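The values are calculated or read from the model by the stated rules, or taken from the named source; none is laboratory data. Because the structure is a prediction, the values reported are computed rather than measured. Because the Cβ atoms are built from the backbone with ideal geometry, glycine has one as well, and the counts that use them run over all protein chains shown. Protein only, heavy atoms only, side chains kept; ligands, DNA and RNA dropped before computing areas. Shrake-Rupley method; radii C 1.70, N 1.55, O 1.52, S 1.80 Å.
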Amino acid sequence: MNQIHKYSNLEIADVLQALHSSQDGLPALEAKKRLAKFGLNVVASEKQKPLFLQFLSCFISPLPLLLLSLSLVAFFTGEFRGAEVIVLMVFLSTSLAFAQEYRSSKSAKSLRAMVSTKASVLRMGAPGSPALTIEMEMSQLVPGDIVHLSAGDMIPADLRLLSAKDLFVNQSSLTGESMPVEKHAGKNLATTFSVPELPNICFMGTHVISGAAVAVVIATGGDTFFGSIASSIVGVRELTSFDQGIQKFIWLIIRIMLVMVPAVFLINGFVKGNWMEALLFASAVAVGLAPEMLPMLVTINLAKGAMAMSRKKVIVKRLNAIQNFGAMDILCTDKTGTLTQDKVILERHVDIYGKDDDRVLEYAYLNSHYQSGLKNLLDIAVLEHAEVHKRLHETDSYLKVDEIPFDFQRRRMSVIVEKTKHRIC
Amino acid sequence: MEEIFSVCDRVQKSSGALTLKPLHIEEVNRVVNDLNEDGFRVIAVAYKEVSSDQLVYEPKDESNLILSGYIAFLDPPKESAAPAIASLLQYGVEVKILTGDNEVVSRKICHDVGLSVDRIMLGSQIEAMTDLELANKAEAATIFAKLSPQQKARVIHALQSKNHVVGFMGDGINDGPALKAADVGISVDTAVDIAKESADIILLEKNLLVIKEGIIEGRKVFGNIIKYIRMSASSNFGNMFSVLGASAFLPFLPMAPVQILFNNLLYDFSQTSVATDTVDEEYLSQPRKWEIANISRYILTIGPISSIFDYLTFGLMWFIFDCTTPERAGLFQTAWFVESLLSQTLIVHVLRTGKIPFLQSKPSLPLLITTVVICIIGAYLPYSALAPALQMTALPSIFWLYLVIILVVYLGLTQMAKAYLIRRFGLD
């Protein structure tokens with residue numbers, strides 16, 4: 001992360017030097033070398049194990065293991081039928097659980113939206129010929145590449161801006177902040193910014209709302225801020241409360257067995273004097289104590305729950321999560337979209353004393369209505385709000401004369417309209 | 001804001017435009033600060049009238065404006081959020097907000113939806129705390145603002161370390177680690193891939209009310225699983241306890257192997273319908289966790305009670321029906337088969353609820369039908385064509401009278417024991 005701060009605090013020329021790049025981009029050959037060194041610009045994602053292994057791994061949990069080992073005991077003590085029943089139960093319940101989870105993870109996958117995977121990159125051609133802008137797969141980007149950004153683009157890697165015009169970026173996927181963030185190319189002097197707040201860095205996984213920019217790639221793939229988050233969540237999940245509960249229950253059964261089985265063995269041995277038979281009988285008791293139907297019943301219950309929940313707009317990806325759902329006593333949630341509507345609306349229009357004033361809304365409406373640039377979220381909010389208040393539809397009587405568009409030096413925007421010659425900012 | 005003030009020299013009052021004075025600037029700052037504290041994003045609006053002959057305007061014309069007022073923007077709270085949070089609380093689920101957004105906006109929104117805003121923790125404060133300090137403070141806080149993705153996961157781990165089962169709902173890349181850390185990761189189908197990949201549960205609608213429905217469904221499922229675990233573990237334990245005594249003192253097996261297998265088959269079948277059973281409202285009203293100690297008490301109390309009645313049956317057969325020799329083993333075994341199957345199957349109705357069965361809590365129809373059918377089959381088997389294959393003999397009619405007495409007393413005693421366990425140790 002310090003790397004990102006470092007690039008943020010450098011002048012553009014120094015950034016390019018540090019990355020051994022130039023305004024004209026990288027020579028094709030150098031890009032190839034870097035691709036070999038840094039790897040593809042892709043973020044680690046959950047690797048799918050082969051189906052067969054996924055199925056096998058369903059057996060590697062405490063309950064099936066306990067039951068299967070008891071079936072071995074039954075088998076070696078001549079209880080073939082008991083052994084058969086246990087193995088059958090384990091197999092049935094595990095298959096059922098596997099089928100259920102496989103189906104729901106497939107449906108989750110089909111929900112995935114496809115995103116554009118091309119980036120517009122500047123690469124040097126042969127010596128002497130001018131640099132060319134080419135459209136290429138995002139995965140081919142390397143540190144040092146110069147990329148062009150325009151409205152609607154996904155940001156393909158972590159970038160340091162070289163120049164930017166009216167660039168607004170939606171970083172909500174990184175920060176949860178729904179308002180677009182403004183970015184500019186200037187050197188960053190402050191050191192107190194948290195990473196996503198850095199004003200001259202754009203992050204992989206976010207996207208451009210409006211404006212255009214040229215930027216140099218400072219990190220790709222797993223080295224990006226996004227990649228560092230992604231890689232921290234790929235891997236084995238911790239045991240959840242339900243899994244721990246099942247494990248504790250199995251230990252309870254094992255403890256009971258550890259008391260019962262030797263007791264049965266000793267009592268039978270002493271009373272009847274036939275120690276071999278006592279041993280067989282004791283192992284039969286162990287098998288009898290085993291909750292052989294448990295995995296089956298748990299799975300039936302969970303699958304039934306998953307079905308009931310899918311009717312209530314809840315898709316269960318992992319069956320064991322259902323119980324955790326019921327056991328949950330704290331629900332943590334993000335704010336945007338859960339508590340809020342995830343859109344910007346105009347809520348107040350007040351005069352300088354904080355009292356509601358329709359004239360202010362009228363001016364704001366004229367400005368948003370007549371400005372000819374890209375209408376941002378705020379403009380839309382103004383227009384929508386004003387449209388609810390129909391009485392402001394007197395704009396027909398205005399005629400647009402001129403406008404002074406927004407820019408980042410002034411950070412203002414004006415339109416000039418004709419009626420009684422109002423002019424508003 | 002400042003950008004517009006800098007080009008204003010007058011302010012709009014109802015009486016007309018006045019020259020901007022230091023007094024006004026104070027007023028301006030106060031109003032704008034108030035709006036900002038309410039979580040608004042504020043933009044100033046100013047105007048001036050110009051002569052009609054000028055046709056082209058430049059930035060330098062933006063001068064000597066009259067400050068008219070402000071427009072304030074907000075991402076407004078959902079109408080459904082406040083009632084949803086209240087009803088989650090009723091069901092014993094506390095809602096906490098973990099956000100990357102700043103505390104001012106978060107405070108305002110949380111206030112609007114009825115969450116306590118007294119305790120706010122910031123990412124920078126959390127960064128300075130040890131895991132232990134965080135665990136001690138996180139329980140009391142409702143809002144966590146300006147969190148980095150890793151800090152969200154830390155907060156969840158901190159709450160888990162205080163024995164909470166923690167759910168997390170999020171849809172951003174920044175929510176990935178938290179989704180993974182939570183006991184239940186909840187995402188939405190419009191979320192980014194990485195969030196959906198890390199989630200256990202995906203909502204088709206980002207709405208807390210949908211979550212409440214899911215929670216109730218989850219408790220029903222868990223309730224029925226626990227019912228099954230308690231019942232089957234108790235009866236397994238009781239049976240083994242009975243077999244232990246019988247094997248030591250009887251000159252023959254208390255039940256033939258084929259009968260044991262058949263008994264299990266019928267009992268297991270009756271248990272599959274537990275999944276359809278209704279769950280008492282009281283049970284659904286609170287989060288339900290594994291209470292292994294309670295399960296263990298159940299097994300160690302209810303199991304031996306069932307054994308008492310097994311031994312009563314053994315005594316009955318031994319002393320009254322004179323089954324003391326291997327020749328009379330068939331009758332003995334048939335009697336225990338019937339008693340064992342009927343008692344196990346019927347006890348389901350006592351153990352499935354914390355209340356008085358049938359009077360206060362009714363089972364689901366499939367469960368009722370299955371248990372009745374299994375009992376009828378069990379009682380009929382000794383008289384059926386299968387009897388020789390199962391090594392069964394017909395039971396004398398007087399046995400049924402004894403059996404009814406045994407079953408009624410058994411069910412009554414178990415109901416009392418269950419009521420005692422619940423009074424003493426609580427419902428699980």
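So, restricting to helices (runs of 4 or more DSSP H) that lie completely within region A:1-74, which ones have at least 3 residues that are under 30 Å from A:T299 (Cβ atoms)?
Of the helices (runs of 4 or more DSSP H) lying wholly inside region A:1-74, those with at least 3 residues that are under 30 Å from A:T299 (Cβ atoms) span A:51-57.
Let me confirm something: among A:K106, A:K37, A:K47, which residue is modelled with pLDDT of 80 or more, surrounded by fewer than 18 Cβ atoms within 10 Å (Cβ to Cβ) and either aromatic (F, W, Y) or out of contact with any Leu (no Cβ under 9 Å at 6 or more places or on another chain) (or both)? Talk me through it step by step, then tell me what you get.
Details: A:K106 fails: modelled with pLDDT of 80 or more; A:K47 fails: modelled with pLDDT of 80 or more.
After applying the criteria, what remains is A:K37.
Residues checked against (1) at pLDDT 90 or above; (2) out of contact with any Lys or Arg (no Cβ under 9 Å at 6 or more places or on another chain); (3) open to solvent by less than 60 Å² (accessible area, probe 1.4 Å); (4) of a type in the set (F, W, Y):
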| residue | (1), (2), (3), (4) |
| --- | --- |
| B:L244 | no, yes, yes, no |
| B:L253 | no, yes, no, no |
| B:F269 | no, yes, no, yes |
| B:S273 | no, yes, yes, no |
| B:E282 | no, no, no, no |
| B:L300 | yes, yes, no, no |
| B:I305 | yes, yes, yes, no |
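Listed here are the residues, each with its yes/no results for (1) touching a residue at least 40 places away in the same chain (Cβ under 8 Å); (2) crowded, with 24+ Cβ neighbours inside 10 Å; (3) touching a helix residue (DSSP H, G or I) at 6+ places or on another chain (Cβ under 6 Å); (4) facing chain A (nearest Cβ under 7 Å).
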position	(1), (2), (3), (4)
B:L204	no, no, no, yes
B:N207	yes, no, no, no
B:R219	yes, yes, yes, yes
B:S232	no, no, no, yes
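Could you pull out the residue among B:D189, B:D175, B:D200, B:D183 that is within 7 Å of another protein chain (Cβ to nearest Cβ), open to solvent by 10 Å² or more (accessible area, probe 1.4 Å) and in contact with a helix residue (DSSP H, G or I) (Cβ under 6 Å, 6 or more places away or on another chain)?
Working: B:D189 fails: in contact with a helix residue (DSSP H, G or I) (Cβ under 6 Å, 6 or more places away or on another chain); B:D175 fails: open to solvent by 10 Å² or more (accessible area, probe 1.4 Å); B:D200 fails: open to solvent by 10 Å² or more (accessible area, probe 1.4 Å).
Just one listed residue meets the conditions, B:D183.
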(message) Being more than 9 Å from chain A (Cβ to nearest Cβ), outside any loop (DSSP other than H, G, I, E, B) and open to solvent by 70 Å² or more (accessible area, probe 1.4 Å) narrows it down to one residue among B:R107, B:R30; which is it?
(response) B:R107
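Per-residue answers, yes or no, for (1) assigned to a helix (DSSP H, G or I); (2) closer than 22 Å to B:K289 by Cα; (3) under 21 Å from the mean Cα position of the chain (by Cα):
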position: B:A191; (1), (2), (3): no, no, no
position: B:K206; (1), (2), (3): no, no, yes
position: B:G218; (1), (2), (3): yes, yes, yes
position: B:I226; (1), (2), (3): yes, yes, yes
position: B:A233; (1), (2), (3): yes, yes, no
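Residue under question is B:S68, and the condition is that it be surrounded by fewer than 18 Cβ atoms within 10 Å (Cβ to Cβ) and either assigned to a loop (DSSP other than H, G, I, E, B) or of a type outside the set (F, W, Y) (or both); does it hold?
Values: surrounded by fewer than 18 Cβ atoms within 10 Å (Cβ to Cβ): no; either assigned to a loop (DSSP other than H, G, I, E, B) or of a type outside the set (F, W, Y) (or both): yes.
When the stated conditions are applied, B:S68 does not pass them.
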(request) Quick one: A:A219 ticks every box in (1) within 10 Å of another protein chain (Cβ to nearest Cβ); (2) at pLDDT 85 or above; (3) surrounded by 17 or more Cβ atoms within 10 Å (Cβ to Cβ) except a single one, so which number is it? (result) (1)
(message) Take A:K343 and tell me if it is within 9 Å of chain B (Cβ to nearest Cβ) and at pLDDT below 80.
(response) yes
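Quick check: is even one residue across region B:390-402 in a helix (DSSP H, G or I), over 16 Å from B:F321 (Cα atoms), open to solvent by 40 Å² or more (accessible area, probe 1.4 Å) and in contact (Cβ under 8 Å) with a residue 24 or more places away in the chain? Steps first, please.
Step one: filter region B:390-402 for residues in a helix (DSSP H, G or I), giving B:397-402.
Of the ones still in play, those that are also over 16 Å from B:F321 (Cα atoms) are none.
Taking every residue of region B:390-402 in turn, none turns out to be in a helix (DSSP H, G or I), over 16 Å from B:F321 (Cα atoms), open to solvent by 40 Å² or more (accessible area, probe 1.4 Å) and in contact (Cβ under 8 Å) with a residue 24 or more places away in the chain.
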(request) Within region B:374-397, track down each residue that is among the aliphatic types (A, V, I, L, M) and under 20 Å from B:S343 (Cβ atoms). (result) B:I374, B:I376, B:I377, B:A379, B:L381, B:L390, B:M392, B:L395
(message) Residues to consider are B:K48, B:K60; find the one that is out of contact with any Gly (no Cβ under 8 Å at 6 or more places or on another chain), in a helix (DSSP H, G or I), under 25 Å from A:F406 (Cβ atoms) and not small (G, A, S).
(response) B:K60
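Which residue out of B:L367, B:L341, B:L284 is more than 14 Å from chain A (Cβ to nearest Cβ) and not aromatic (F, W, Y)?
B:L341
A quick yes/no check of all residues on (1) more than 27 Å from B:K289 (Cα to Cα); (2) surrounded by fewer than 24 Cβ atoms within 10 Å (Cβ to Cβ); (3) facing another protein chain (nearest Cβ under 7 Å); (4) of a type in the set (A, V, I, L, M):
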{"site": "A:L319", "(1), (2), (3), (4)": "no, yes, no, yes"}
{"site": "A:F325", "(1), (2), (3), (4)": "no, no, yes, no"}
{"site": "A:M328", "(1), (2), (3), (4)": "no, no, yes, yes"}
{"site": "A:D334", "(1), (2), (3), (4)": "no, no, yes, no"}
{"site": "A:G337", "(1), (2), (3), (4)": "yes, no, yes, no"}
{"site": "A:R348", "(1), (2), (3), (4)": "yes, yes, yes, no"}
{"site": "A:K355", "(1), (2), (3), (4)": "yes, yes, no, no"}
{"site": "A:V360", "(1), (2), (3), (4)": "yes, no, yes, yes"}
{"site": "A:H369", "(1), (2), (3), (4)": "yes, yes, no, no"}
(message) So A:G288 passes all but one of these: (1) under 20 Å from B:N207 (Cβ atoms); (2) at the interface with another protein chain (Cβ under 7 Å from one of its Cβ atoms); (3) free of Cβ contacts under 8 Å to residues at least 40 places away in the same chain; (4) open to solvent by 10 Å² or more (accessible area, probe 1.4 Å). Which condition number does it fail?
(response) (1)
(message) Can you say whether A:L96 is open to solvent by 50 Å² or more (accessible area, probe 1.4 Å), assigned to a helix (DSSP H, G or I), modelled with pLDDT of 75 or more and within 14 Å of chain B (Cβ to nearest Cβ), as far as the supplied structure shows?
(response) no
(request) Kindly indicate which of A:L294, A:L280 is open to solvent by 10 Å² or more (accessible area, probe 1.4 Å) and either at positive phi or of a type outside the set (G, A, S) (or both). (result) A:L280
(message) Among the listed residues B:I226, B:I156, identify the single one that is open to solvent by less than 10 Å² (accessible area, probe 1.4 Å), hydrophobic (A, V, I, L, M, F, W, C) and more than 8 Å from chain A (Cβ to nearest Cβ).
(response) B:I226
(message) Among the numbered criteria (1) assigned to a loop (DSSP other than H, G, I, E, B); (2) within 9 Å of chain A (Cβ to nearest Cβ); (3) at negative phi, which one does B:I43 miss?
(response) (1)
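Select from region B:139-182 the residues that are in a helix (DSSP H, G or I) and among the acidic types (D, E) and list them in ascending order. Spell out how you get there, then give the answer.
Filtering region B:139-182 for residues in a helix (DSSP H, G or I) gives B:149-161, B:173-181.
Listed by number, the list holds a single entry, B:D175.
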(request) Spot the failing condition for A:G186; the list is (1) touching a strand residue (DSSP E or B) at 6+ places or on another chain (Cβ under 8 Å); (2) not in a strand (DSSP E or B), and only one is missed. (result) (1)
(request) Show the residue pairs that are 6+ apart or on different chains and have beta-carbon atoms under 8 Å apart, the first residue being within region A:1-27 and surrounded by 14 or more Cβ atoms within 10 Å (Cβ to Cβ), the second being modelled with pLDDT of 90 or more and acidic (D, E). (result) A:I4/A:D158; A:S21/A:D145; A:G25/A:D145; A:L26/A:D145
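For region A:263-274, which residues satisfy the criterion of being more than 15 Å from B:S242 (Cα to Cα) and open to solvent by less than 60 Å² (accessible area, probe 1.4 Å)? Break it down stepwise before answering.
In the first step, residues of region A:263-274 are kept if they are more than 15 Å from B:S242 (Cα to Cα); the result is A:266, A:269-274.
Listed by number, the residues that qualify are A:G269, A:G273.
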